[in-house]
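Inspection log for the structure reproduced underneath, given as structure tokens.
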Amino acid sequence: MAIGAVAGAGAGVVRADPATPDVPVPAVYLRETGHHVGGPFLAWWLQYGREDGLGWPITEQLDVGNRRMQYFERGALALAPTSRDPLGIVPVNLGRPYVSRSTAPQPEAQFAHFFPQTGHGVHPAVWPFHRENGGVYRFGYPLGPAVVGDGGLWQVFERAVLSESGGRVTDLRLGLMEAERLRLPTEPATRARHAPIVDLAALDPVYGPLADRHATVDLIRQVVTFFDGDQPVRMAATSTGIYPDFTPAGRYRVFVRVPRARMISNGSTSAVYDLDDVLHIQYFTENWIGFHYAYWHGEFGTARSAGCVNLRLHDSEWAWDFCDHGTQVVVHY
């Protein structure tokens with residue numbers, strides 16, 4: 001996240017434009033929809049998918065109720081400085097108004113993965129899309145069974161509405177739907193003078209040799225920090241092990257990398273699990289503890305795993321590219 005470069009680091013002090021006082025520093029202006037993204041909202045948006053995640057911004061930052069928020073095509077973010085997330089941003093649950101009470105539900109037995117958190121399962125038609133594109137953290141837990149209507153199947157989640165028709169799954173533009181329902185201002189904004197128009201590809205930093213890269217896992221803060229030499233380059237909320245399957249403190253090195261696997265408990269942990277299609281597995285202890293994507297929960301920042309270091313999709317994918325065999329991992333309190 002080259003946020004300093006976005007704001008013109010090295011070019012002197014950047015101050016907010018008096019004509020656009022609500023645009024934070026740093027910020028960028030995105031011509032695709034004519035809106036700014038700045039401050040911690042920008043950091044989160046860059047880290048978690050950009051236009052392929054929540055999509056382009058459709059509002060400026062604004063106050064909705066008692067929260068500072070910003071709406072994007074497929075969702076919304078809220079400032080939450082007291083959250084366990086190191087960026088101080090949380091995705092907002094927008095799905096509740098779209099739970100249907102009038103269309104015939106599919107039988108609850110027709111689910112590919114059941115979530116006791118809401119008492120509903122994800123329909124097989126949308127489950128691969130849900131699992132492969134961010135899981136619970138991006139879409140949230142299902143709020144009801146899948147329903148059939150309007151020529152297709154759709155299912156409402158805490159933060160998304162997924163629709164399937166003809167074998168194609170679509171993540172509906174829930175942020176835009178909610179902005180229209182709430183009559184929020186979505187018209188393009190005048191670009192602030194301190195907010196450059198940037199090539200997003202140019203924001204991807206170039207890192208040093210693999211030998212200089214390492215990671216730390218903070219078991220108290222539940223945060224993984226990745227370093228290029230002495231410079232921290234990415235922080236990510238995680239979920240590590242809980243009693244009696246604590247993630248062990250120590251110094252390790254990545255020794256096995258598996259791009260995709262089924263993970264089945266074998267009696268070495270108190271937890272019982274059978275999870276298909278776990279991505280970006282990087283083991284670093286002799287007891288087979290490692291980093292990997294966890295699509296089945298969104299409680300990052302809280303210890304809850306069977307020992308492994310759970311990551312969100314974009315963080316696990318990034319860590320897969322950043323690390324390699326031999327990368328040092330320090331786990332500490």
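What the table shows:
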| quantity | calculated |
| --- | --- |
| Single residue of region 180-221 satisfying the filter (under 23 Å from the mean Cα position of the chain (by Cα) and part of a helix (DSSP H, G or I)) that is surrounded by the most Cβ atoms within 10 Å (Cβ to Cβ) | 203 |
| Residue match in region 109-126 (condition: in contact (Cβ under 8 Å) with a residue 24 or more places away in the chain, in contact with an Asp or Glu (Cβ under 8 Å, 6 or more places away or on another chain) and within 18 Å of residue 71 (Cβ to Cβ)) | no |
| Pick from region 304-333, criterion open to solvent by less than 40 Å² (accessible area, probe 1.4 Å) and in a loop (DSSP other than H, G, I, E, B), ranking: farthest from residue 230 (Cα to Cα) | 306 |
| Region 222-250 - residue that is in contact with a Pro (Cβ under 9 Å, 6 or more places away or on another chain) and touching a residue at least 12 places away in the same chain (Cβ under 8 Å) and, of those, surrounded by the most Cβ atoms within 10 Å (Cβ to Cβ) | 236 |
| Within region 198-257, tally of residues that are in contact with a Phe, Trp or Tyr (Cβ under 8 Å, 6 or more places away or on another chain), at positive phi and among the small types (Gly, Ala, Ser) | 0 |
| Selected residue (criterion: farthest from residue 138 (Cα to Cα)) from residues of region 89-103 that are open to solvent by 70 Å² or more (accessible area, probe 1.4 Å) and either of a type in the set (Lys, Arg) or at pLDDT below 90 (or both) | 102 |
| Filter result (outside any strand (DSSP E or B) and open to solvent by 50 Å² or more (accessible area, probe 1.4 Å)) within region 139-179 | 150, 151, 166, 167, 172, 173, 177 |
| Condition check for residue 136: in a strand (DSSP E or B) and among the aliphatic types (A, V, I, L, M) | no |
| Residue list for region 270-303, filter: open to solvent by 20 Å² or more (accessible area, probe 1.4 Å) and not hydrophobic (A, V, I, L, M, F, W, C) | 270, 273, 274, 276, 277, 280, 283, 286, 287, 298, 299, 302 |
| Any hit, region 264-281, residues being part of a loop (DSSP other than H, G, I, E, B) and within 23 Å of residue 324 (Cβ to Cβ) | no |
| Scan of region 282-303 for residues that are part of a strand (DSSP E or B) and in contact (Cβ under 8 Å) with a residue 60 or more places away in the chain, ordered by number | 291, 293 |
| Total residues in region 266-278, condition touching a Pro at 6+ places or on another chain (Cβ under 9 Å) and either free of Cβ contacts under 8 Å to residues at least 40 places away in the same chain or polar (S, T, N, Q) (or both) | 2 |
| Condition check for residue 52: farther than 19 Å from residue 234 by Cα, open to solvent by 50 Å² or more (accessible area, probe 1.4 Å), at pLDDT below 95 and out of contact with any Gly (no Cβ under 9 Å at 6 or more places or on another chain) | no |
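The values are calculated or read from the model by the stated rules, or taken from the named source; none is laboratory data. It should be emphasised that the depicted structure is a prediction, and the values quoted were computed from it without experimental measurement. Cβ sites come from the backbone with ideal geometry, for glycine too, and all protein chains shown count toward neighbours. Heavy atoms of the whole protein, side chains included, go into the accessibility calculation; ligands, DNA and RNA do not. Shrake-Rupley method; radii C 1.70, N 1.55, O 1.52, S 1.80 Å.
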